[in-house]
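The values are calculated or read from the model by the stated rules, or taken from the named source; none is laboratory data. Nothing here was measured: the structure is a model prediction, and the numbers come from that model. Here the Cβ positions follow ideal geometry from the backbone for every residue, glycine too, while neighbour counts run over all protein chains shown. Note: accessible area is taken over every heavy atom of the protein model, side chains too, but ligands, DNA and RNA are not part of it. Shrake-Rupley method; radii C 1.70, N 1.55, O 1.52, S 1.80 Å.
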Amino acid sequence: MKPLLSIYHYLWARLSSIWYRFPSRRIKVIGITGTKGKSTTAELISAILETADLKTALSSTVRFKVGEKSQDNKLKMSLPGRGFIQRFLRQAVHANCDWAIIEMTSEGARQFRHKFIDLNAFIFTNLAPEHIESHGSYEAYRQAKVGIARELERSPKAGRALIVNGDDKEAKYFSNIKAEKQIAYHLSDLEPIKETARGTEFNFCEQTIVTKLIGKFNLYNILAAMTFAETQGIAPEIIKEAVEQFGGVRGRMEQVGWQDFEVLVDYAHTPDSLRQVYEAFPGRKKICVLGGAGGGRDKWKRSEIGKIAEKHCDKIILTDEDPYDEDPEEIVKDITAGIKKAKPQVIMDRRLAIREAISRARAGDVVLITGKGTDPYIMGPNGSKTPWDDAAIAHEELEKLKTS
C-alpha cells in the first residue's frame with residue numbers, strides 16, 4: 001500500500017506542476033525548513049522584502065498571502081498538497097510577486113509536496129525531535145528535512161543561497177548542500193546583545209537594531225531572515241527598519257490584551273520549544289496552560305512536556321487540545337507522568353482552563369497558553385472539528401474578568 005501511495009502523491013506533485021506550467025521558473029522562491037521558527041522567519045523575510053519595495057507571496061502554517069491579499073491557514077497543514085503549492089505559485093506569478101516564501105515540512109515531503117519547485121534560496125532553522133512515530137525514527141525525520149534542502153541543489157537557478165543555523169547540532173547535515181552562496185549564521189553575530197526598556201538590542205552589519213520580539217529563539221529567527229536579506233543585497237538600513245517595525249506573528253508569543261499581567265499564546269508543541277518559551281521569562285511567576293500533545297502522535301514527548309512544565313511553571317493547568325480518536329484524559333495522564341512533585345490542575349474544558357489561568361494571575365505574572373497557536377479547530381474523534389482560537393478565547397475571558 002505504501003509504494004502505491006507514494007506513486008499517487010508523486011504523480012499529484014508532477015501533474016500539478018505541469019498543469020500550472022512550472023510557475024516556480026517565473027518567480028524567485030525561498031524554502032524554509034526546521035522544527036521551530038519557520039512561520040516567524042517567513043514573516044520576517046516577507047517584511048524585509050516588502051520594506052525593500054518588493055512584492056511577496058507567503059505560504060505558512062499561519063496564513064497564505066499573495067501580494068496584499070491574505071487569508072488564514074485553516075487547513076491544519078503547513079505545506080498543503082493536491083496541487084495547492086503549484087496553484088499558489090501560479091497565483092503569485094499572476095500577481096507579479098517578486099518572491100514566494102514557502103514553509104517546507106517533513107510531513108509534506110513524505111508526500112512529495114516540495115517537489116518540482118525551483119528554489120533560489122533555502123533556510124534551515126533548527127532540528128529537534130518531532131514526528132518520530134510517523135517517520136519511524138529521529139534519523140529518518142532528519143533525513144526528510146535534508147531531503148527538502150537537496151531541492152536547492154537540484155534547482156537550475158543561478159545564484160542559489162543556502163542559509164544554515166550554524167549553532168544547531170544538526171547543521172553539518174545541511175551545510176554540505178551545494179549552492180553558490182553558503183552562509184552559516186551564529187547568535188554571536190549579533191553581539192553585543194542586551195535587554196533595554198524598548199526591547200532586545202543587538203548589532204548587525206554595523207547597525208544597532210532593537211526588536212520587540214521576546215526570547216532567544218526569536219533572535220535566531222531574526223538572524224536567519226537578516227542573513228537571507230544580506231545574501232540578496234538588501235541594504236542594512238532597510239533590514240533595520242523592517243525588523244524594528246515587525247510586531248510579531250499571530251499565535252507566536254502573541255500578546256493578548258494589556259493589563260498589569262501578561263497573557264501570551266504560543267504554538268510551542270515540542271519539549272525544546274516549550275522550554276525556550278518558559279526560559280524567556282526568568283524570575284517571573286508563570287501560570288501555564290499546557291498543550292502540545294495531540295492524540296495519536298509523538299506519545300514519547302508527553303512526559304517530557306510535563307517534566308519541563310514542572311521545572312519552570314509555578315502553576316500548571318492541563319487541558320484538552322487535539323485528541324483526535326484518542327481519549328483526551330489518557331493524554332493528560334501521560335503528561336502527568338512526567339510531573340513528580342507539583343500538583344497540576346486538570347480542567348478538560350479548554351476555555352475553562354484558560355479562564356482559570358487568567359483569574360489566578362496577579363500583577364507581574366505571565367500566563368502562557370501553549371500548544372495550539374493559531375490552530376483553528378480542536379480536532380476530535382471521527383474527524384470532528386470544533387472551531388477554536390486560543391487568543392480570541394483568552395481575550396474574551398479577559399474582558400469577562402474586567403467586568404465581573
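Could you give the length gained on full extension between Ser404 and Ser134, defined as 0.36 nm per residue of separation minus the Cα-Cα distance, in nm? Let's see the in-between values first.
On the way: separation 270, 0.36 × 270 = 97.20 nm, distance 4.64 nm.
That pair, Ser404 and Ser134, stretches by 92.6 nm at full extension.
Calculate, in nm to one decimal, what Lys343 and Glu191 gain on full extension: separation in residues at 0.36 nm each, minus their alpha carbon distance.
On the way: separation 152, 0.36 × 152 = 54.72 nm, distance 4.06 nm.
Here the answer is 50.7 nm.
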Simple spin-label estimate for Ser6/Arg360, 7 Å along Cα→Cβ, in nm, reads 4.8
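Assuming a viscosity of 0.890 mPa s and a temperature of 25 °C, what translational diffusion coefficient in µm² per second does Stokes-Einstein assign to region 35-118, Rh being the Kirkwood radius over Cα pairs?
Numbers: Rh = 12.9 Å.
Answer, rounded: 190 µm²/s.
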At q = 0.11, 0.12, 0.17, 0.20 Å⁻¹, the log10 of I(q)/I(0) for region 1-145 from a Debye sum over equal Cα scatterers comes to -0.39, -0.47, -0.94, -1.26
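What's the longest bit of the chain with no exposed trypsin sites (Lys or Arg not before Pro), using DSSP loop states and at most 10 other Cβ atoms within 10 Å as the test? Walk me through the numbers before you get to the answer.
Numbers: sites that count: Lys169, Arg198, Lys340, Lys341, Arg362.
Between the exposed loop sites, the longest stretch runs 1-168.
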Label model pair Arg14, Ser70: point-to-point distance (7 angstrom along the Cα→beta-carbon line) in nm is 3.8
With R₀ set to 25 angstrom, the calculated FRET efficiency between the beta-carbons of Asp53 and Glu279, to the nearest 0.05, is 0.10
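Probe of 1.4 angstrom, ligands and nucleic acids ignored: what's the accessible area per residue over the chain, in square angstrom? Write out the running numbers ahead of the final one.
Details: 17860 Å² over 404 residues.
Roughly 44 Å² per residue, with all protein chains present.
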hull vol. (C-alpha, convex hull) per residue for the chain, Å³ -> 143
Rounded to whole angstrom, the alpha-carbon centroid of region 218-261 lies from that of region 76-133 at a distance of 21
tail above 20 Å in the computed P(r) of region 276-395, as % of all Cα-Cα pairs, reads 39
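Can you tell me, using C-alpha contacts under 8 Å and at least 6 residues apart, the relative contact order of region 228-383 as a whole percent? Walk me through the numbers before you get to the answer.
Numbers: 289 pairs, mean separation 48.5, N = 156.
That works out to 31 percent.
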Rounded to the nearest 10, the angle in degrees between the Cα long axis of helix 2-19 and the longest principal axis of the Cα atoms of the chain comes to 60
The helix 38-51 Cα axis meets the longest alpha-carbon principal axis of the chain at an angle in degrees, between 0 and 90 and rounded to 10, of 60
Note on the chain: contact order normalised by length, alpha-carbon pairs under 8 Å, 6 or more apart, percent, works out to 14
Taking alpha-carbon centroids only, region 281-316 lies from region 366-404 a number of Å equal to 17
For the chain, the longest principal axis of the Cα atoms and the Cα long axis of helix 138-154 enclose an angle in degrees, to the nearest 10, of 30
Bounding extents of region 119-268 in its principal axis frame from Cα atoms, largest first in Å, are 49, 40, 23
Once normalised by the length of region 119-252, the mean sequence separation of its alpha carbon contacts under 8 Å that are 6 or more apart gives a contact order in percent of 20
Of the convex hull enclosing the alpha-carbon atoms of region 20-73, the direction-averaged projected area in nm² is 4.3
Expected unfolding gain across Lys311-Asn96 under the 0.36 nm per residue rule, minus the alpha-carbon gap, is 72.4 nm
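More than 19 Å apart: what percent of Cα pairs in region 330-380 qualify? Working shown, then result.
Working: 507 of 1275 pairs.
Of all Cα-Cα distances in region 330-380, 40 percent exceed 19 Å.
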Cα-only Rg/Rh for region 197-310 with Kirkwood Rh rounds to 1.03
With a 1.4 angstrom probe the carbon and sulfur portion of accessible area for the chain, in percent, totals 51
